Amino acid sequence: MPRVELKRVTMRYGKLRAVDEVDLTIADGEYVTILGPSGCGKTTLVRIIAGILEPTEGEVWIGGREMRGVPIEERDVGYVFQNIALFPHLDVEDNVSYGPRVKDLPREEQVQVAKRYLELVKLLDKMEMFPSELCGGEQQKASLARALATGAKLLLLDEPLSALDARVRVDLRYELRRIVKALGLTTVHVTHDQEEAMSVSDRIMVMRAGGVVETGTPEQLYTQPKDIFTANFVGETNLLEGWVKGRAEGKSLIELRDGSTVEVTECGHKEGDAVVISVRPEFVFPFTDGLPSRVQYVTYMGTYWRVVAQSRSEDRVEFDVPAAEGKLYHQGQEVYLMVNRRAAVVYPRPLEGIAEAVKLE
Amino acid sequence: MPTIKLEGIGKRYGDIKAADGLDLEVRNGEYLCLLGPTGAGKTTALRIISGLTKPDKGRITFDDKFMNEEEPENRRAVMLSQTYALFPQLTVAKNILFGPDIRDVPDELKKRTLAEMLDLVRLAHRPGAYPKELSGGMQQRTALARALASGADVLLLDEPLRALDARLRISLRQELRSLVKSLGITTIHVTHDHDEALVMADRIAVIHGGKIIQVGSPAEVFDNPISPFVANFVGQSNFFVGKVGAKREATEVRGENGRSVMAQPCSCREGESVVVAVKVGNTEISKEGEGFFEGRVERILFEGRNLHIDLEVGGLGHFAAKVPSWRLGKLSMGDKVQIRWSAEKASVFPVPPGGLEEELRVE
């Protein structure tokens, strides 16, 4: 399977840089997701890899070969779109065997290939149906089988699950990863859905405004995001605004706007530095002392209660309570909140302000 | 704000029954989520309430007043479509005042309505902007303001967050709910996203095949699903098929191969074939102790707050569990683990007539 390298890939439209100097190396057989909000340049980038667009600057290497001028049909890529693009007048089998047919494989081999991939996506029993007779999830599985049947070694998935219902999407993302891993394909998957990205990927590249914010494994991006934008975009988080008050014995003490303090693991910032603490709701817990806060509302999430509170320091603080403990909190209640020191990440306070730094659109 | 009642509503499109004896009551000022898969009849139900679609049979009442023959404009029930349908050539202000403009509302009142609405949806700084100049979230708020400015008593939201990015959708859930609740309007929100319904609804009505199959608070629907379909649609579930054994404070269900599990008390008979459903988030796994049966860890996916664990159980097929992500590193592929759950988290159902697989189909 090919290794993919992007070197300073840039796409300009007049003055606008839709993709701005993106570097990325995808290993043989790796599943990488490009994640970002609408308009971040992720779809442009995957089209550049596919060869649908030529970048204005930079290089795309696939399997050790520079791709400038190489058309999509010679790049050996399978491409699956958000909007299912099956041939409506062909049945499922003929849709899937389309690639082998174009390559002039013998008829028996065409059928064999189609059946092999239909079995993999669990659609063997529907191969005589037409696309309109399938539901959305099945149509998308057929699209995937068709892309795989071309014999492509590099799979490009452009929002492959976005058009589907939430529940179908969840089942299909586990299935999707299983299938491409079984075949050992190198995969690039584009999505705006951070939950989907975490479930399917070996690594995630977070994009914003054409540029790369950071790249890491789902675990790295969730537990130790380097950028405050990632902290908020990949999973939910609380952002507490303050200053470094002191440092000692591997700990930093952060003072919030009302003078209350939060202890975090030594963060490398100097005393007096303006900082933001990011801590996820599952790592904030009510205690006998801590940040004085008032509960605003409580929501049942099935296996836990999500409690949203406003702290005296005027930060919004959300915390989770296991459902098994019962509904312990109600609107207007006073609580004291502690932060799990080791789960907190500290960022320099962004010059443009926190809201601007984590803005989702 | 009215209480809305639908009784025995039927609506056919050719061979398709979009509503098939649909009963639903939406209380005064309530935020109700109508939750179901594509094709369940969600949008049809909304259109019937709004008056845009006439049912073939059944009764619609608003506060006991018979509404079947009432024109849409007399129902004061306004629908917000998932694509917002803003007028591209009109500014935010003109879009919001579209309703009042055609009703010839006096200028003074229009001015006040506009100011109130812009304030409510936090667009006071953008009244002169055109829709294409706005972000998706702002367009959504403009559409909401336009719906509210028409003086609606009933708000019908057809997948109002669908057009937005996943992360933005999550952060706007509470905002949309709070805004609507602050006005006290009776609201019906259609969605296929069970997390969205759990977070936003006072009550959830699960719709499937043109019928309402369960209505209850988010906790009721999640914890006490009425059927295997609901168990698996409102959060993923694991299933165990067997026969009812001993019944005491909990029900024992015995599968083939001599394995047995515990579940909630049920009205089933001893020896009856049943299906046990338990949410993946309530399925516990551990390397020590004794579970109902043993499984092998096939795959571990890091999903943020949770790990998703796929398990293979000899003779029973696949199970899944969600465990807090701090357990990463404490579990490895190939590990043998004990699988169990608390009896009160597991529901018991008769075996569905068409088979379990058919029952669980979500599209």
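Every read-out reported here was derived from the displayed coordinates using simple, explicitly stated rules and does not represent laboratory data. Note that the coordinates shown come from a computational prediction; the quantities given were computed from them, not determined experimentally. Counting neighbours? That spans all protein chains shown, and the Cβs are built from the backbone with ideal geometry, glycine included.
In chain A, the calculated helix contribution to ellipticity at 222 nm averages -7000 deg cm²/dmol per residue, counting -39,500 (n - 2.57) for every DSSP H run with n ≥ 4.
Within the straight-line cut-off of under 19 Å between alpha carbons, the aspartates and glutamates reachable from A:Lys270 are A:Asp227, A:Glu241, A:Glu249, A:Glu255, sequence neighbours fewer than 8 places apart in one chain being disregarded.
Return A:Cys40, B:Cys33, B:Cys266 ranked ascending by Cβ neighbour count within 10 Å, so the fewest neighbours appear first.
Details: A:Cys40 25, B:Cys33 28, B:Cys266 18.
Exposure proxy ranking, most exposed first: B:Cys266, A:Cys40, B:Cys33.
Count the DSSP beta bridges whose two residues both fall in the protein assembly as shown, then state the antiparallel fraction as a percent rounded to the nearest 5.
75
For the range B:9-108, GluC sites (Glu not before Pro) are listed when DSSP marks them as loop and at most 10 other Cβ atoms sit within 10 Å of their Cβ; the list is B:Glu69. From its DSSP helices (H runs of at least four residues, each -39,500 (n - 2.57)), chain B gives a residue-normalised ellipticity at 222 nm of -7000 deg cm²/dmol. When the GluC sites (Glu not before Pro) in the range B:239-271 are filtered for DSSP coil states and for at most 13 other beta-carbon atoms within 10 Å of their beta-carbon, the remaining sites are B:Glu249, B:Glu270. Residues A:Met11, B:Met138, arranged from fewest to most other Cβ atoms within 10 angstrom of their Cβ, appear as B:Met138, A:Met11.
About its Cα centre, the range B:4-223 has a charge dipole of approximately 420 debye under the convention of +1 per Lys or Arg Cβ and -1 per Asp or Glu Cβ, with nothing else charged. Between the listed residues A:Val77, A:Met67, A:Phe233, the Cα displaced farthest toward the positive end of the dipole of chain A, a dipole computed from Cβ unit charges relative to the Cα centre, is found at A:Met67. Charging the Cβ of each Asp and Glu at -1 and of each Lys and Arg at +1, and nothing else, the dipole of the range A:75-193 about its Cα centre rounds to 460 debye. Remark: the range A:258-271, residue by residue, has Karplus-estimated 3J(HN,Hα) of 9, x, 6, 10, 10, 9, 10, 5, 2, 10, x, 8, 7, 4 Hz, where x stands for each Gly or Pro and the curve is 6.51 cos²θ - 1.76 cosθ + 1.60 at θ = phi - 60°. Taking θ as phi - 60° and the Karplus parameters 6.51, -1.76 and 1.60, the scalar couplings of the range B:113-127 work out to 4, 4, 4, 4, 5, 4, 5, 4, 9, 6, 10, 4, 8, 10, x Hz in sequence order, x denoting glycine and proline. Each of A:Leu144, A:Leu90 has some number of other Cβ atoms within 10 Å of its Cβ, and from fewest to most they run A:Leu90, A:Leu144. When Rg and Dmax are taken over the Cα atoms of chain A, they come to 24.2, 77 Å. The alpha-carbon atoms of the range B:170-215 define a convex hull whose volume equals 73 cubic angstrom per residue. Sparsely packed loop sites in the range B:255-363 (the chymotrypsin sites (Phe, Trp or Tyr not before Pro) outside DSSP H, G, I, E and B with at most 14 other Cβ atoms within 10 Å) do not occur.
Can you give the % of DSSP beta bridges in chain A that are antiparallel, to the nearest 5?
Working: 62 of 80 bridges.
Bridges in chain A are about 80 percent antiparallel.
How long are the semi-axes of the equivalent ellipsoid of chain B, taking √(5λ) for every eigenvalue λ of the Cα gyration tensor, in whole Å from largest down? Each step should come with its number before you reach the end.
On the way: eigenvalues 411, 127, 45 Å².
Equivalent ellipsoid semi-axes, largest first: 45, 25, 15 Å.
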